[in-house]
1. Filter the stretch 19-54 for residues that are β-branched (V, I, T), more than 17 Å from P2 (Cβ to Cβ) and either part of a loop (DSSP other than H, G, I, E, B) or free of Cβ contacts under 8 Å to residues at least 24 places away in the same chain (or both) and give the result.
2. If you go through the stretch 19-34, how many residues are farther than 28 Å from M54 by Cβ and surrounded by 10 or more Cβ atoms within 10 Å (Cβ to Cβ)?
3. Any chance you could count how many residues in the stretch 4-18 are among the charged types (D, E, K, R) and either surrounded by fewer than 10 Cβ atoms within 10 Å (Cβ to Cβ) or in a helix (DSSP H, G or I) (or both)?
4. Determine whether D73 is at pLDDT below 90 and not polar (S, T, N, Q).
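The values are calculated or read from the model by the stated rules, or taken from the named source; none is laboratory data. Values in this document were obtained by computation on a predicted structure and should not be read as measured data. Please note: Cβ atoms are built from the backbone with ideal geometry, for glycine as well, and neighbour counts cover all protein chains shown.
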Amino acid sequence: TPIIWDENKETYRYITPREAANLQSFKKDFIFLDNDSQTYKQLGNAVNVEIVEMLAKKLINFAYDDWNKGVHDEKKD
């Protein structure tokens, strides 16, 4: 579990399950039914869907641009 500096208390502390969920872009109203230990484990195994979506769009655009470039290059030959 990551430890962060708490400026208000001037000490280190563990991030809460909610903070970990926020980092993974879970909705604010998402409820974890397990204890904190299981929740941390689930969050550690989770994939940030917003980041994956952004990467997928970029990859699709790169592939599409390369494909279009290849089609245009073939027409010139």
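1. I31, V47, V52
2. 1
3. At the first step, the residues of the stretch 4-18 found to be among the charged types (D, E, K, R) are 6-7, 9-10, 13, 18.
So of that shortlist, the ones also either surrounded by fewer than 10 Cβ atoms within 10 Å (Cβ to Cβ) or in a helix (DSSP H, G or I) (or both) come out as 7, 9-10, 18.
Looking only at that region, the number is 4.
4. Numbers: at pLDDT below 90: yes; not polar (S, T, N, Q): yes.
Yes; evaluated as a whole, the condition is true for this residue.
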